[in-house]
1. Within region 125-140, identify whether any single residue is in contact with a Lys or Arg (Cβ under 7 Å, 6 or more places away or on another chain) and more than 24 Å from ARG187 (Cα to Cα), and answer yes or no.
2. Return the pairs, sorted by first residue and then second, in which the second residue is part of a helix (DSSP H, G or I) and not small (Gly, Ala, Ser), the first residue lies in region 170-182 and is farther than 18 Å from VAL201 by Cβ and in contact (Cβ under 8 Å) with a residue 60 or more places away in the chain, the beta carbons are less than 6 Å apart, and the residues are 6+ apart or on different chains.
3. Check whether at least one residue in region 119-129 is surrounded by fewer than 17 Cβ atoms within 10 Å (Cβ to Cβ) and touching a residue at least 12 places away in the same chain (Cβ under 8 Å), and report yes or no.
4. Where residues in region 154-185 are loosely packed, with under 13 Cβ neighbours inside 10 Å and among the small types (Gly, Ala, Ser), which of them is farthest from ASP121 (Cα to Cα)?
5. Give the number of residues within region 186-228 that are of a type in the set (A, V, I, L, M, F, W, C) and surrounded by fewer than 17 Cβ atoms within 10 Å (Cβ to Cβ).
6. Quick one: which helices (runs of 4 or more DSSP H) lie wholly within region 1-113 and hold at least 2 residues that are modelled with pLDDT under 80 and not hydroxyl-bearing (Ser, Thr, Tyr)?
7. Of all residues being within 14 Å of VAL207 (Cα to Cα) and buried (at least 23 other Cβ atoms within 10 Å of the Cβ) in region 130-153, which is farthest from the chain's Cα centre (by Cα)? Just the residue, please.
8. When you check LEU98 against the structure, is it surrounded by fewer than 23 Cβ atoms within 10 Å (Cβ to Cβ), in contact with a strand residue (DSSP E or B) (Cβ under 9 Å, 6 or more places away or on another chain), among the aliphatic types (A, V, I, L, M) and closer than 17 Å to GLU264 by Cα, yes or no?
Amino acid sequence: MRGRICILLAAPPVVSSASASFLTPDAASKSSGAESGAIHPLMIAMAAQIRNFWQGLPELEALSISPDLEAISGSLDGESLFIRNELRRCRGLRKLHLETARLGAGLQILHCVLFPDPRFDLPVFGADVVVGPAGVSAAIVDLSPVCGELPVGIAEALAARPHSRFEQERQLPGWGSIFSRYVRFVRPTTAAEEAAFLNEVSGFLDVLAAAIASSEPQASTHPVTVDRWQGQLRYCKQQKQNDKTRRVLEKAFNPEWADRYIEELLFDDPPAP
């Protein structure tokens, strides 16, 4: 699965103001998705969907990010590479991360993870979309438990949702034990299926929004808070088992830069309670 932007990277990162415009609302509005090399409509719609969801979250605020990690540009085999990272936080979620990347006219990736504050009984939201020359090759969305099982109310809400049917269901990677039983991992093959996947993402976000609104924090020293913190450590450790990501990053840059990108940005460990 080419499900992380890191597989794109094959040139040392250069901070560029041009790269910061990739898949922003202004840039997306200029692309219809019909012409060769245009941003794919599913990428545009899903990025907008996630940003709109963020705006409705309680106590939303910016989360600091190093300028050299916020906007990265480079080249691979003569094609331009742009990567953009956006970070926020809010009540209930310690980190909201949206990552968009584009390599030339052929490959586009969207990666989003919303990490909960361990004091709240909330899952990890994750969604990825990978687009190639032939269209969408992979799309995944989930609310993943941090302590073995999802909170009962969230599991019941997900089970009660209508589920779209897709012609091509994808198989989870070997490290995919972190996902819930409700994960959707598919390859949309038509515009209707792309719209259906957006509806799936919307449903997962709706369930998360309701859980955030009704959730109350527990003490940092409470045993269940510590359990959720440890569970989130395990989640991040499992995500880091994607050896392909690390190998390509090390080859493209160097081992130190690869470690920093993975450890500080993609799957940083939650602060100890």
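1. no
2. Going by the 6 Å Cβ cut-off, the qualifying pairs are TRP175/GLN238; ILE178/TYR235; ILE178/GLN238.
3. No, region 119-129 contains no residue that is surrounded by fewer than 17 Cβ atoms within 10 Å (Cβ to Cβ) and touching a residue at least 12 places away in the same chain (Cβ under 8 Å).
4. For region 154-185, the residue satisfying everything is GLY174.
5. Residues meeting the conditions: 9.
6. Hits in region 1-113: 25-29.
7. Residues of region 130-153 that are within 14 Å of VAL207 (Cα to Cα), as a first pass: 141-145, 150-153.
Add one more test, that the residue is buried (at least 23 other Cβ atoms within 10 Å of the Cβ), and what stays is 141-143, 150.
On the way: VAL141: 9, ASP142: 10, LEU143: 11, LEU150: 19 Å.
Going through the qualifying residues, I end up with LEU150.
8. Here the answer is yes, as LEU98 does meet what is asked.
The values are calculated or read from the model by the stated rules, or taken from the named source; none is laboratory data. Nothing here was measured: the structure is a model prediction, and the numbers come from that model. Here Cβ is always computed from backbone atoms with ideal geometry, including for glycine, and neighbour counts include all displayed protein chains.
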